[in-house]
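K.L.:
Sending over a structure as structure tokens; questions will come in a sec.
The values are calculated or read from the model by the stated rules, or taken from the named source; none is laboratory data. These numbers come from a predicted model, not from an experiment. Virtual Cβ from ideal backbone geometry, glycine too; neighbours counted across all protein chains shown.
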């Protein structure tokens, strides 16, 4: 498996399981309906676990453009590899979210609220405020990347080492994402991953979902730029402190 394929599969699994838990909790007539925030944050954390296990040995399991760019800033990934990773992550996110829609299609059909259906695909703020929402996404991703960079030490000791989440083992990253969701996720739904939000948001706009809400493109830049800024600041601080 190449790093490109590994990132597609890893990100697709991340969104399949992460978007899947939102669908299971939010959509009508599922067995998990209304089971709450703890279920959602746990489901997303375990989605990261599965994605890292699958893709880690082949790509380092970035599964997140903010991770890829931060590792490049830290000097742990060649900049020339960044576009390949991001394209793969976007494709994987689009595949994963489409699969969730196909799997839960009957439940989408019996769910009347359009915003609930959109929430399966992408994030939205609990209280819409540009600075606060941007700050929330940046801080959540800062915590994610600052911790990851210290897990990996952001170095390559030989030319064959794959650097990224896969070098950590999946379990520490699972607890990290779970902690961020529980503590920091209540303001914006903690995208902390541009591909996780943008790829499914594109599919929400494209797919023939009955009675769907607008995809809210005026907000869509925040879960993209916020995580990139937070991750870049984490890498810069790590370099300053090292």
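K.L.:
Is it the case that some residue within segment 39-54 is surrounded by 20 or more Cβ atoms within 10 Å (Cβ to Cβ), within 16 Å of the chain's Cα centre (by Cα), outside any helix (DSSP H, G or I) and at pLDDT below 95?
P.N.:
So far as segment 39-54 goes, no, none of its residues is surrounded by 20 or more Cβ atoms within 10 Å (Cβ to Cβ), within 16 Å of the chain's Cα centre (by Cα), outside any helix (DSSP H, G or I) and at pLDDT below 95.
K.L.:
Considering (1) closer than 23 Å to residue 37 by Cβ; (2) within 13 Å of the chain's Cα centre (by Cα); (3) at pLDDT 95 or above; (4) surrounded by 22 or more Cβ atoms within 10 Å (Cβ to Cβ), say which one residue 178 fails and leave the rest.
P.N.:
It fails just one condition, (4).
K.L.:
Starting from segment 1-25, take each residue that is free of Cβ contacts under 8 Å to residues at least 12 places away in the same chain and list its partners that are not in a helix (DSSP H, G or I), counting only C-beta distances under 8 angstrom and pairs at least six apart or across chains.
P.N.:
Within 8 Å, no pair qualifies.
K.L.:
Still on this structure, please answer the following. Quick check on segment 206-223. Is at least one of its residues over 26 Å from residue 99 (Cα atoms), out of contact with any strand residue (DSSP E or B) (no Cβ under 9 Å at 6 or more places or on another chain), in a helix (DSSP H, G or I) and at pLDDT 95 or above? Break it down into steps so the answer makes sense when it comes.
P.N.:
Residues of segment 206-223 that are over 26 Å from residue 99 (Cα atoms), as a first pass: none.
No: segment 206-223 contains no residue that is over 26 Å from residue 99 (Cα atoms), out of contact with any strand residue (DSSP E or B) (no Cβ under 9 Å at 6 or more places or on another chain), in a helix (DSSP H, G or I) and at pLDDT 95 or above.
K.L.:
Kindly establish whether residue 15 is touching a helix residue (DSSP H, G or I) at 6+ places or on another chain (Cβ under 7 Å), assigned to a helix (DSSP H, G or I) and crowded, with 23+ Cβ neighbours inside 10 Å.
P.N.:
yes
K.L.:
Separate question: Take residue 63 and decide whether it is on the phi > 0 side of the Ramachandran plot and surrounded by 23 or more Cβ atoms within 10 Å (Cβ to Cβ).
P.N.:
It is true that residue 63 is on the phi > 0 side of the Ramachandran plot and surrounded by 23 or more Cβ atoms within 10 Å (Cβ to Cβ).
K.L.:
Okay, moving on. Which fully enclosed helices (runs of 4 or more DSSP H) of segment 84-154 have 1 or more residues being farther than 22 Å from residue 203 by Cβ and out of contact with any helix residue (DSSP H, G or I) (no Cβ under 7 Å at 6 or more places or on another chain)? Step through it out loud before you land on a result.
P.N.:
Working: elements: 105-109, 114-119, 130-152.
Answer list for segment 84-154: 130-152.
K.L.:
From the list 131, 135, 151, 142, which one is modelled with pLDDT under 95 and either touching a strand residue (DSSP E or B) at 6+ places or on another chain (Cβ under 8 Å) or within 22 Å of residue 236 (Cα to Cα) (or both)?
P.N.:
151
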